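Have a look at the structure below before the remarks.
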Amino acid sequence: MVKICCIGAGYVGGPTMAVIALKCPSIEVVVVDISTPRITAWNSDHLPIYEPGLEDVVKECRGRNLFFSNDVEKHVADADIVFVSVNTPTKTQGLGAGKAADLTYWESAARMIADVSKSAKIVVEKSTVPVKTAEAIEKILTHNSKGIDFQILSNPEFLAEGTAIKDLYNPDRVLIGGRETPEGLKAVQALKQVYAHWVPEEKIICTNLWSAELSKLAANAFLAQRISSVNAMSALCEATGADVSQVSHAIGKDTRIGSKFLNASVGFGGSCFQKDILNLVYICECNGLPEVANYWKQVIQINDYQKSRFVNRVVASMFNTVAGKKIGILGFAFKKDTGDTRETPAIDVCRGLLVDKAELRIYDPQVPQAQIEKDLTMVKFDWENPVLVNHVSPVTLNQVSIVENAYEASKDAHGVCILTEWDEFKTLDFQKIYDNMQKPAFIFDGRNVVDPNKLRDIGFIVYSIGKPLDQ
Ligand code: NAD
């Protein structure tokens, strides 16, 4: 029986390994993590992450050929294939602070693999890492082991949170990069055989290591760039009376452009887009390509601009001050169908409103109160100014309450901001919400999920992203 071990039981390691276990009953899969609470949760009825369909997969495989354990060393030592899916956040201090990927977790995982291994292993980069990381990992492994053969593969993950299980069942492609040596090619084939249990052969792309590593950064940069492009257009729409939904529809019909990922919004979030573009910017700078670095930097600058534009719109619309005004916040997660708040635009929007002394009532169907409070008070890292910014934000939680539903959030409110596109927000009883709000009642739809004209008919003053404004 082939044995797989995955180091890192997070948003990627958990779901990807659960699906491998489901699709490959003949393979034993053990997911290990240094975090005891995480592993305890994976072994309980309350999984540590919310992802549609995940619970069913875990229930079917756990105890059969899927296991979660804190005994990292034992399971790594036993495995034939070791996936490494640890976090690779942006460095906050030292060389490259604010841009470079922090590979501390990766390096310690690699040193541990070298230490405990007694047999040959394929080590798979599942985390998103800078191009050329495999070279560093090879050095760490070969200099620390006692002649054991390690083959390093790059197999970046393209799943999107909120649709992870669907994406893993039916990926657009699986990418495997390896060394173009006989041993490297053999390792690529071994990993290909795992995916071949359910992924059609033509969807499995094999490349050299550096192409695979760079493709992941490139994919995230292109996706984020599309959002920033349409968001930049949304500002121009508001200035001119054009409607960004109509513009997106019109340009998306061009098959060279395509219609996906063209929704204007308050901005992108999530743990990956900003981090991976910053990483790309750093790699460009290190390779003497400042013009290319500046090009990609713009994608994040537009995203920051979009968030502050939204806050400014809220404050300006409400007669230039929100001090003492009640604002309902609908949605805090960075997108629907996840409880993940990493880099969610809601953090910046809420902080911006709190600085202007608003009173916020926040509702999200999946994000726990403690997480929202932590996000609002944590030390905020400013990628553009990494030396100065490790300051504690001036917001206080006295101005914040976390509530149980959208109606509570909007009760007596002067304004409501929709910050996540949860389906339930589309079908709210807006007449009831209007009746319970202070007048004039404002709605700021940061995700364009509600029909502004229907809301205007009720009596709301509505701001949607990139759409004609109320006078
Ligand atoms: P995560 O923070 O949810 O999980 C990482 C886990 O690794 C944590 O539970 C941590 O405790 C564990 N860990 C760290 N060092 C360890 C060690 N030495 N031994 C054992 N466990 C260790 O992160 P994530 O969202 O799953 O992302 C993991 C990687 O995948 C990142 O590089 C990310 O960029 C990439 N990625 C993420 C997504 C996404 O949507 N979240 C999608 C594609 C790729």
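The values are calculated or read from the model by the stated rules, or taken from the named source; none is laboratory data. Predicted, not measured: the structure shown is a model, and the values here were computed from it. With ideal geometry, Cβ positions are generated from the backbone for all residues, glycine too; neighbour counts draw on all protein chains shown.
Summary table
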{"read-out": "Residue match in the range 185-200 (condition: in contact (Cβ under 8 Å) with a residue 40 or more places away in the chain, within 28 Å of Gly53 (Cβ to Cβ) and exposed (fewer than 15 other Cβ atoms within 10 Å of the Cβ))", "value": "yes"}
{"read-out": "Residue within the range 338-350 that is surrounded by fewer than 24 Cβ atoms within 10 Å (Cβ to Cβ), among the charged types (D, E, K, R) and more than 16 Å from the ligand (Cβ to nearest atom) present", "value": "yes"}
{"read-out": "Residue match in the range 308-326 (condition: surrounded by 24 or more Cβ atoms within 10 Å (Cβ to Cβ), away from the ligand (no atom under 16 Å from the Cβ), within 19 Å of the chain's Cα centre (by Cα) and under 15 Å from Gly415 (Cα atoms))", "value": "no"}
{"read-out": "Residues of the range 1-20 satisfying the condition of being more than 14 Å from the ligand (Cβ to nearest atom) and more than 12 Å from Leu168 (Cα to Cα)", "value": "Met1, Val2, Lys3, Ile4"}
{"read-out": "Every residue from the range 232-262 that is of a type outside the set (Ser, Thr, Tyr), closer than 24 Å to Tyr295 by Cα, touching a Lys or Arg at 6+ places or on another chain (Cβ under 9 Å) and touching a residue at least 40 places away in the same chain (Cβ under 8 Å)", "value": "Ala235, Cys237, Val244"}
{"read-out": "Number of the condition not met by Lys432 [criteria: (1) loosely packed, with under 15 Cβ neighbours inside 10 Å; (2) modelled with pLDDT under 95]", "value": "(2)"}
{"read-out": "Only listed residue being in the same structural domain as Val131 (by TED's automatic domain parsing) and touching a residue at least 24 places away in the same chain (Cβ under 8 Å), chosen from Thr163, Thr207", "value": "Thr163"}
{"read-out": "Some residue of the range 223-236 being of a type in the set (A, V, I, L, M), within 30 Å of Val29 (Cβ to Cβ) and either within 16 Å of the ligand (Cβ to nearest atom) or surrounded by fewer than 18 Cβ atoms within 10 Å (Cβ to Cβ) (or both)", "value": "yes"}
{"read-out": "Members of the range 145-180 found to be of a type in the set (Val, Ile, Thr) and within 23 Å of Lys118 (Cβ to Cβ), listed by number", "value": "Ile148, Ile152"}
{"read-out": "Checklist (1) over 18 Å from the mean Cα position of the chain (by Cα); (2) farther than 29 Å from Glu424 by Cβ; (3) buried (at least 24 other Cβ atoms within 10 Å of the Cβ) applied to Gly288, failing item", "value": "(3)"}
{"read-out": "Matching residues in the range 21-38 - criterion: being outside any strand (DSSP E or B) and within 9 Å of the ligand (Cβ to nearest atom)", "value": "Asp33, Ile34, Ser35, Arg38"}
{"read-out": "Residue check, Val124 touching a Cys at 6+ places or on another chain (Cβ under 6 Å) and either aliphatic (A, V, I, L, M) or near the ligand (Cβ under 9 Å from one of its atoms) (or both)", "value": "no"}
{"read-out": "Qualifying residue in the range 129-150 (condition: of a type in the set (A, V, I, L, M, F, W, C), within 13 Å of the ligand (Cβ to nearest atom) and within 13 Å of Leu214 (Cα to Cα))", "value": "yes"}
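Residue-by-condition table, conditions (1) buried (at least 19 other Cβ atoms within 10 Å of the Cβ); (2) under 23 Å from Asn279 (Cβ atoms); (3) small (Gly, Ala, Ser):
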position	(1), (2), (3)
Trp42	yes, no, no
Glu55	no, no, no
Phe68	yes, no, no
Glu73	no, no, no
Val84	yes, yes, no
Thr92	no, yes, no
Ala100	yes, yes, yes
Thr104	no, yes, no
Ser108	no, yes, yes
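Yes/no matrix, rows are residues, columns are (1) of a type outside the set (S, T, N, Q); (2) within 21 Å of Leu217 (Cβ to Cβ); (3) more than 21 Å from the chain's Cα centre (by Cα):
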position: Val12; (1), (2), (3): yes, yes, no
position: Thr16; (1), (2), (3): no, yes, no
position: Ile20; (1), (2), (3): yes, no, yes
position: Val58; (1), (2), (3): yes, no, yes
position: Leu66; (1), (2), (3): yes, no, yes
position: Trp106; (1), (2), (3): yes, yes, no
